[in-house]
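What follows is one structure encoded as structure tokens, with my remarks underneath.
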Amino acid sequence: MARARRYWLMKSEPDAYSIGDLERAGVGSWDGVRNYQARNYMCEMAVGDLVLFYHSNTQPPAVVGVARVCRPAYPDHSAWNPKSDYFDAKSDPDEPRWFMVDVEYVETLPEPVTLELMRQDPELGGMLVTKRGQRLSVQPVERPHFARVLRLGGAQTRVRA
């Protein structure tokens with residue numbers, strides 16, 4: 001029996017990797033995640049899951065696009081490269097500590113959906129990214145919340161709430 005599609009939000013600083021970068025590349029590796037909970041969420045992802053692409057550490061922070069998981073979690077080799085910003089001396093290729101997924105570009109939202117707008121929208125109550133202090137770079141999103149953000153951003157992509 002097939003697993004039901006799941007929905008996620010993934011944060012990236014636009015000067016490090018933006019929705020425009022993903023659009024130009026078509027497919028990108030989501031590497032460098034060094035938080036255990038975020039890593040665990042990536043390990044739960046499956047091909048076909050949809051992702052809200054969120055620009056963080058910018059003004060205003062906002063969901064700016066949609067991506068799709070196109071390769072499930074595999075070891076993040078940047079952890080083994082001493083020249084990488086994401087190097088982890090305790091990570092071992094024989095027993096990887098960190099993982100990454102590949103995502104493919106789906107679309108850029110015509111209207112970015114800002115964090116402030118999401119916090120003010122009663123239909124998005126309980127969405128993790130709207131909670132104060134919620135800093136996880138990868139987090140699950142409930143289907144109704146995902147669908148609402150798509151509507152607010154004028155997305156072509158459709159998900160039934």
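Find the residue count for segment 51-63, including only residues that are in contact with a Leu (Cβ under 6 Å, 6 or more places away or on another chain), assigned to a strand (DSSP E or B) and of a type outside the set (S, T, Y).
Within segment 51-63, residues that are in contact with a Leu (Cβ under 6 Å, 6 or more places away or on another chain), assigned to a strand (DSSP E or B) and of a type outside the set (S, T, Y) number 2.
Just name the residue that is surrounded by the most Cβ atoms within 10 Å (Cβ to Cβ) out of those in segment 81-105 that are in a strand (DSSP E or B) and free of Cβ contacts under 8 Å to residues at least 60 places away in the same chain. Walk me through how you get there before you give the answer.
First, pick out the residues of segment 81-105 that are in a strand (DSSP E or B): 92, 95, 99-105.
Adding the requirement that they be free of Cβ contacts under 8 Å to residues at least 60 places away in the same chain leaves 92, 95.
Working: D92: 12, E95: 7.
Per the stated criteria, the residue is D92.
When you go through (1) in contact with an Asp or Glu (Cβ under 7 Å, 6 or more places away or on another chain); (2) surrounded by fewer than 19 Cβ atoms within 10 Å (Cβ to Cβ); (3) at pLDDT below 95; (4) among the polar types (S, T, N, Q) one by one for S29, which number turns out not to apply?
Going through the list (1) in contact with an Asp or Glu (Cβ under 7 Å, 6 or more places away or on another chain); (2) surrounded by fewer than 19 Cβ atoms within 10 Å (Cβ to Cβ); (3) at pLDDT below 95; (4) among the polar types (S, T, N, Q), S29 breaks only (3).
How about segment 127-158: which of its residues are buried (at least 19 other Cβ atoms within 10 Å of the Cβ) and either among the hydroxyl-bearing types (S, T, Y) or in a loop (DSSP other than H, G, I, E, B) (or both)?
Hits for segment 127-158 are M127, S137, A155.
Could you give every pair whose Cβ atoms fall below 6 Å, whose first residue belongs to segment 133-147 and is closer than 14 Å to V51 by Cβ, and whose second residue is among the basic types (K, R) and surrounded by 15 or more Cβ atoms within 10 Å (Cβ to Cβ), counting only separations of at least 6 or pairs across chains?
S137/K11
Can you confirm whether V63 is among the aliphatic types (A, V, I, L, M) and buried (at least 16 other Cβ atoms within 10 Å of the Cβ)?
When the stated conditions are applied, V63 passes them.
For T108, work out the one condition from (1) more than 28 Å from T130 (Cα to Cα); (2) of a type outside the set (A, V, I, L, M, F, W, C); (3) surrounded by 17 or more Cβ atoms within 10 Å (Cβ to Cβ) it doesn't fulfil.
Result: T108 fails condition (1) only.
Do you know which residues across segment 2-17 are in contact (Cβ under 8 Å) with a residue 40 or more places away in the chain, assigned to a loop (DSSP other than H, G, I, E, B) and under 17 Å from E104 (Cα atoms)?
Listed by number, the residues that qualify are R5, R6, P14.
Only one of (1) assigned to a helix (DSSP H, G or I); (2) in contact with a Cys (Cβ under 9 Å, 6 or more places away or on another chain) is not met by G48, so which one is it?
(1)
How about segment 56-81: which of its residues are at pLDDT 95 or above, farther than 14 Å from P14 by Cα and of a type in the set (A, V, I, L, M)?
Scanning segment 56-81 gives V66, A67, V69, A73.
Go through the residues of segment 111-121 one by one and say whether even a single one is among the β-branched types (V, I, T), part of a strand (DSSP E or B) and either surrounded by fewer than 12 Cβ atoms within 10 Å (Cβ to Cβ) or modelled with pLDDT of 95 or more (or both). It would help to see each step written out before you state the result.
Here is the first cut: in segment 111-121, the residues among the β-branched types (V, I, T) are 113-114.
Checking the rest, the ones that are also part of a strand (DSSP E or B) come to 113-114.
From the residues that got through so far, the ones that are either surrounded by fewer than 12 Cβ atoms within 10 Å (Cβ to Cβ) or modelled with pLDDT of 95 or more (or both) too are 113-114.
So far as segment 111-121 goes, yes, one or more of its residues are among the β-branched types (V, I, T), part of a strand (DSSP E or B) and either surrounded by fewer than 12 Cβ atoms within 10 Å (Cβ to Cβ) or modelled with pLDDT of 95 or more (or both).
What residue, among those in segment 47-60 that are closer than 28 Å to R3 by Cα and in contact (Cβ under 8 Å) with a residue 60 or more places away in the chain, is surrounded by the fewest Cβ atoms within 10 Å (Cβ to Cβ)?
My answer is L50.
The values are calculated or read from the model by the stated rules, or taken from the named source; none is laboratory data. Because the structure is predicted, anything quoted here is derived from the model rather than measured. Heads up, the Cβs are rebuilt from the backbone with ideal geometry, glycines too, and the neighbour counts pull from every protein chain shown.
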